[in-house]
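Report on the following structure.
The values are calculated or read from the model by the stated rules, or taken from the named source; none is laboratory data. From a predicted model like this one, the values you see are computed outputs, not experimental measurements. Neighbour counts are summed over all protein chains in view; Cβ atoms, including those assigned to glycine, are modelled from backbone coordinates with ideal geometry. Areas reflect the complete protein model, heavy atoms only, side chains present, ligands, DNA and RNA absent. Shrake-Rupley method; radii C 1.70, N 1.55, O 1.52, S 1.80 Å.
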Amino acid sequence: MPSILREEVVQKEKVKMNKKYPVYIGDTIGVTVHYQKLHWHNVLEINYIKSGTGYYIINGQKFDFQQGDVLLINSNDLHCAYETKDLVMTVITFDSTWFIHNLRFDPELFSPFRDIDKHYTNLIHRDHPAMDRLRSLLLELQLEHEREQRSYTTVVYSLILQFLTIVNRECRIEGICGSQHLISERQYEKIRQVIIVMEQNFAHPWTLEELASLVYLSPSRFSEIFKRAVGMPPMLYLIHIRLEQAVMMLEGGHMKIMDIALECGFRTLTNFNRLFKKHIGMTPKTSQKQNP
């Protein structure tokens, strides 16, 4: 059985940024395979949905989104995104330490990220009364970033501050008791460890008992925590990992479907075909023909 990584080695994705200007702003069309996998990182993230539809899985909760919505993703949030139709979104990521001096004057600056599930939600709905102001700020933010005119970094800095201030003031919700599905950071770390091992050894014939033993939990307890953190049972997530790998291998067009099935961890071609059709929506053969 593949050995688990030592806990101190299992770290979040470290997004490298310019220390003097630690911001990334850009549009994405659709969702790449990388971001369809559960991941977490050390930066704060804002998504503005410019067009189309899709959904996020964030800490086990599903958020359907469409044009005009805004999503906030905290560092440590376990998340992945999927497109359903014609998705274009602006992705803004930034290092919170850029604003560390402002916390002296406004310690609640990052409450919209820190207090998600207490006083805020990951999704700000397109019909929220503050959305016109938030949308205007995000569009101006992207324009300043792209034009790079004199002192644009200062303008970008101030616009992010304004955005956070409005969300903090206008989007706060009283009376949220916190989701009953929340799990501890320690439990999230256990699930992250298992996900890394699953993704690195997807062809291994895992059993629920083996996966649970990686983090010294009973199968039932492990399954319960995994489903709350990820939004699906562990064995179903394993199937998704294997199918994602199979899709990429089919796009190469150089291997026989039977060989791909075996290399991705499926024991029989019949089972591979059935699961591929169920989750991908077409047969492996059709997928391969579409990507000669």
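Cross-link pairs exceeding 22 Å in C-alpha to C-alpha distance, out of K19/K50; K62/K118; K256/K278, comprise K19/K50.
The GNM of the chain, with springs linking C-alpha atoms under 10 angstrom apart, assigns the highest mean-square fluctuation among G26, G281, G54 to G281.
Of all lysines in the structure, those lying under 23 Å Cα to Cα from K20, and not within fewer than 8 positions of it along the same chain, are K12. With Cα atoms as the point set, region 192-292 shows a radius of gyration and Dmax of 14.5, 45 Å. Which shape class applies to region 85-153: rounded if a/c is under 1.5, otherwise prolate when a/b exceeds b/c and oblate if not, where a ≥ b ≥ c are the square roots of the Cα gyration tensor eigenvalues? Because a/c hits 1.5 or more and a/b fails to exceed b/c, region 85-153 counts as oblate.
What accessible area per residue comes out for the chain, rounded to a whole number of Å², with a 1.4 Å probe? Could you put the intermediate results ahead of the total?
Values: 15290 Å² over 292 residues.
I get 52 Å² per residue for the chain.
Placing +1 on each Lys and Arg Cβ and -1 on each Asp and Glu Cβ, with no other charges, gives region 112-180 a dipole about its Cα centre of roughly 100 debye. By accessible area, using a 1.4 Å probe on protein heavy atoms only, the chain has 51% of its surface on carbon and sulfur. Between the C-alpha center of region 239-290 and that of region 95-144 there is a gap of 41 Å.
Give, to the nearest whole percent, the P(r) tail of the chain beyond 26 angstrom, counting all Cα pairs. Roughly 51 percent, rounded to a whole number.
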